[in-house]
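Below is one structure, written out as structure tokens, with a few remarks after it.
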Amino acid sequence: MEQFELAEVVERYLTGEMNPEEQRAFEEMRKNNPELDQTVVEYHYFLEQMGHYGEIRRFKSNLYDTHHTLQESGEIKELPLTTGTRIVNMWNKYRRVVAVAASIAGITALFISGMMTIFTPKAPFRDIEELRRKVSNLEKQSSNQRAEFNKFKTKIAPGSDVKFGGTSFMIDPKGYLVTSAHVLKGAKKIYVQSIQGEDFLAEIVHQDANADIAVIKINDQDFQSPKQLPYGFTRIQTDLSEAVYTLGYPKDEIVYNEGYLSARTGLEGDTMSCQITITANPGNSGGPVFNKNGEVIGILNARQASANGVVFATKSKNIFHLVETLKESDKDINIKLRNSSSIKGINRTQQVKKVQDHVYMVKVVLG
Amino acid sequence: MAITEQELGLFKAIGNNDKGAIEAVYKENYSLIQHFVINNNGTEDDARDIFQEAMMVLYEKSRLPEFELTCQIRTYLYSVCRRLWLKKLQHSRRIESQVENFDRIVQVEDDIEEHDKLTRQYQTMRTAMGKIGEPCKSLIEAFYVHRKNMLEIAGFFGYTNADNAKNQKYKCLVRLKKLFFAQYKNA
């Protein structure tokens with residue numbers, strides 16, 4: 001008897017699915033065959049553990065769902081921070097602004113007093129006018145300065161070999177993003193750029209070339225984590241023909257595209273991915289694929305060169321899998337994937353407005 | 001303190017993984033635990049983790065026929081959370097401030113020890129599941145965790161009939177069993 005056939009017989013015996021006659025015959029065999037007896041004992045323990053495992057998983061998922069439901073209905077609220085922390089937080093948040101304001105004020109004051117010493121001894125009439133012009137010049141200068149500060153100067157050193165790699169999106173407000181592993185190939189440094197155009201330094205946490213997923217973490221003091229992500233992640237298989245949409249950076253600006261699920265498997269029947277009919281271009285790799293409820297169903301990663309509009313996406317269950325593996329291997333990594341989307345039920349345009357803030361361009365500096 | 005019938009019913013329903021009961025207990029007790037954890041150097045995430053772990057302990061106890069609830073669910077949960085949180089604080093050597101007192105606490109050390117044992121068993125299986133790879137993992141989860149029948153599974157994974165899916169399931173099961181016992185011996 002093959003191993004797997006034995007497994008079936010033993011399971012049927014242990015779950016009491018055998019008829020009395022079969023059962024008697026099996027017990028007779030057990031008595032006469034110590035090896036079989038041992039196997040049955042092993043299976044008994046193993047299946048019992050499997051049963052517990054299933055029960056715990058079901059209970060945990062119910063707990064998780066309940067927490068989200070109550071949080072969404074407002075019956076569970078986050079506690080406000082205590083006063084001390086709030087002030088520290090405000091200081092952290094506005095430290096830059098304060099520094100910029102103070103230095104502009106300082107420069108202006110020095111400049112004016114400098115002008116004063118230069119121009120005061122001379123004939124008063126014209127100089128006053130000139131001084132006024134200078135001041136207004138100065139004002140322009142400092143407002144330019146301000147504008148520059150607000151415009152988020154790029155942090156990437158000039159002359160670096162930047163390859164605009166692709167797209168990534170946030171999976172946890174603590175700054176964890178996922179993208180396609182192939183986007184990061186050969187990367188020495190990784191930057192992600194938000195929709196506002198601000199660059200953040202990021203580092204690779206984990207990559208799985210097999211599933212073509214990588215987790216990166218923003219490691220930048222200027223990054224302010226959002227309170228909560230508007231979208232969730234679903235393990236449930238999407239139905240054929242179901243509408244999907246994606247956001248990505250095939251050019252310097254975020255681009256929206258929509259399509260539908262055309263096959264449940266990817267290239268050559270790959271069950272880890274699925275096939276979508278959508279317009280995608282180089283740079284879309286690593287972008288999220290959402291269903292109509294605004295739940296992430298996958299990550300765009302490739303298109304078929306020989307066919308038009310045929311695009312493949314890694315299924316989101318691979319994200320769950322990766323996150324679970326990470327949790328096991330490293331206790332410090334605490335990624336929580338939301339199960340439900342708070343944008344469910346609102347129209348597409350509104351969904352996209354909420355989602356786009358969490359989709360980032362990946363810029364890879366090659367080593 | 002007398003325990004009401006309603007309380008006992010709720011306790012039993014938790015053991016049956018009843019969504020309504022979970023929600024009721026959650027609503028009733030979460031903010032208490034949240035305040036406790038956050039006022040003792042914890043974060044919002046810590047509060048949720050500790051509360052959910054205590055709910056697991058409650059669930060495990062409820063499934064034991066010999067366990068008898070001798071105090072209110074609220075007291076029990078609070079006692080477990082308190083113990084768990086203290087353990088965690090000591091473990092991570094965070095500044096340990098005087099943990100605030102509460103009028104009624106029951107002894108839960110043994111229960112938590114029991115829970116730790118179950119958690120280790122759960123993790124053994126989880127690690128084995130993590131190593132088995134796809135499609136085995138999804139197939140086995142669909143059957144044993146999500147309790148789908150073979151016909152549904154066949155449709156879901158694209159097998160032509162339930163028998164093929166079943167054969168595949170048993171092949172996976174044989175592999176998982178090997179991984180599980182390898183893990184079991186290591187632990």
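Could you give me the residue pairs with C-beta distances under 8 Å whose first residue belongs to the range A:282-297 and is at positive phi, whose second residue is among the aromatic types (F, W, Y) and outside any strand (DSSP E or B) wherever it lies, and which are 6+ apart or on separate chains?
As it stands, the answer is A:G283/A:Y249; A:G294/A:Y231, since those pairs meet every condition given.
Between a first residue in the range A:215-239 that is closer than 14 Å to A:I319 by Cβ and a second residue that is of a type in the set (K, R), which pairs have beta carbons less than 7 Å apart while being 6 or more apart in sequence or on different chains?
These pairs meet every condition: A:L229/A:R338; A:G232/A:R338; A:F233/A:R338; A:R235/A:K317.
When residues of the range A:37-58 are filtered for being in contact (Cβ under 8 Å) with a residue 12 or more places away in the chain, buried (at least 16 other Cβ atoms within 10 Å of the Cβ) and not polar (S, T, N, Q), how many remain? Step through it out loud before you land on a result.
In the first step, residues of the range A:37-58 are kept if they are in contact (Cβ under 8 Å) with a residue 12 or more places away in the chain; the result is A:39-40, A:43-44, A:47.
With buried (at least 16 other Cβ atoms within 10 Å of the Cβ) added as a condition, the list becomes A:39-40, A:43, A:47.
Subsequent filtering for residues that are not polar (S, T, N, Q) retains A:40, A:43, A:47.
Residues flagged as in contact (Cβ under 8 Å) with a residue 12 or more places away in the chain, buried (at least 16 other Cβ atoms within 10 Å of the Cβ) and not polar (S, T, N, Q) within the range A:37-58 amount to 3.
Looking only at the range A:264-308, filter to residues that are of a type in the set (S, T, N, Q) and within 19 Å of the chain's Cα centre (by Cα); which one of those is farthest from A:D212 (Cα to Cα)? Before you say what the answer is, go through the steps one by one.
Initial filter on the range A:264-308 (of a type in the set (S, T, N, Q)): A:265, A:271, A:273, A:275, A:277, A:279, A:281, A:284-285, A:291, A:293, A:301, A:304, A:306, A:308.
From what's left, within 19 Å of the chain's Cα centre (by Cα): A:273, A:284-285, A:291, A:293, A:301.
Numbers: A:S273: 10, A:N284: 14, A:S285: 10, A:N291: 21, A:N293: 25, A:N301: 7 Å.
Checked the range A:264-308; the qualifying residue farthest from A:D212 (Cα to Cα) is A:N293.
If you take the residues in the range B:1-15 that are in contact (Cβ under 8 Å) with a residue 40 or more places away in the chain and part of a loop (DSSP other than H, G, I, E, B), which one is surrounded by the most Cβ atoms within 10 Å (Cβ to Cβ)?
B:I3
Within the set of pairs 6 or more residues apart or between chains, which connect a residue that is over 18 Å from B:K61 (Cβ atoms) inside the range B:71-89 to a residue that is surrounded by 19 or more Cβ atoms within 10 Å (Cβ to Cβ) and modelled with pLDDT under 90 with Cβ atoms less than 6 Å apart?
Pairs found: B:W85/B:V37.
Only one residue in A:L47, A:L70 is of a type outside the set (K, R), modelled with pLDDT of 85 or more and within 19 Å of B:I33 (Cα to Cα). Which one?
Of the residues listed, the single one that is of a type outside the set (K, R), modelled with pLDDT of 85 or more and within 19 Å of B:I33 (Cα to Cα) is A:L70.
Which condition from (1) within 11 Å of chain A (Cβ to nearest Cβ); (2) assigned to a helix (DSSP H, G or I); (3) surrounded by fewer than 17 Cβ atoms within 10 Å (Cβ to Cβ) is the one that B:K185 breaks?
(1)
Would you be able to tell me the number of residues in the range B:25-45 that are within 10 Å of chain A (Cβ to nearest Cβ) and part of a helix (DSSP H, G or I)?
Adding up the residues that qualify gives 11.
How many residues are touching a Leu at 6+ places or on another chain (Cβ under 7 Å), within 10 Å of chain A (Cβ to nearest Cβ) and farther than 18 Å from A:Y45 by Cα when one looks only at the range B:132-168?
Total satisfying the criteria: 2.
Check A:K336, A:K292, A:K327, A:K315 and return the single one that is in contact with a helix residue (DSSP H, G or I) (Cβ under 9 Å, 6 or more places away or on another chain), of a type outside the set (S, T, Y) and within 14 Å of chain B (Cβ to nearest Cβ).
Working: A:K292 fails: within 14 Å of chain B (Cβ to nearest Cβ); A:K327 fails: in contact with a helix residue (DSSP H, G or I) (Cβ under 9 Å, 6 or more places away or on another chain); A:K315 fails: in contact with a helix residue (DSSP H, G or I) (Cβ under 9 Å, 6 or more places away or on another chain).
It is A:K336.
For A:V205, indicate whether it is crowded, with 23+ Cβ neighbours inside 10 Å and under 13 Å from the mean Cα position of the chain (by Cα).
Considered against the rule, which asks whether it is crowded, with 23+ Cβ neighbours inside 10 Å and under 13 Å from the mean Cα position of the chain (by Cα), A:V205 comes out as no.
Quick check on B:F51: is it within 18 Å of B:I105 (Cβ to Cβ) and either surrounded by fewer than 16 Cβ atoms within 10 Å (Cβ to Cβ) or within 9 Å of another protein chain (Cβ to nearest Cβ) (or both)? Explain how you work it out, then say what you get.
Numbers: within 18 Å of B:I105 (Cβ to Cβ): yes; either surrounded by fewer than 16 Cβ atoms within 10 Å (Cβ to Cβ) or within 9 Å of another protein chain (Cβ to nearest Cβ) (or both): yes.
When the stated conditions are applied, B:F51 passes them.
The values are calculated or read from the model by the stated rules, or taken from the named source; none is laboratory data. Note that the structure is predicted; figures quoted are calculated from it, not measured. Cβ sites come from the backbone with ideal geometry, for glycine too, and all protein chains shown count toward neighbours.
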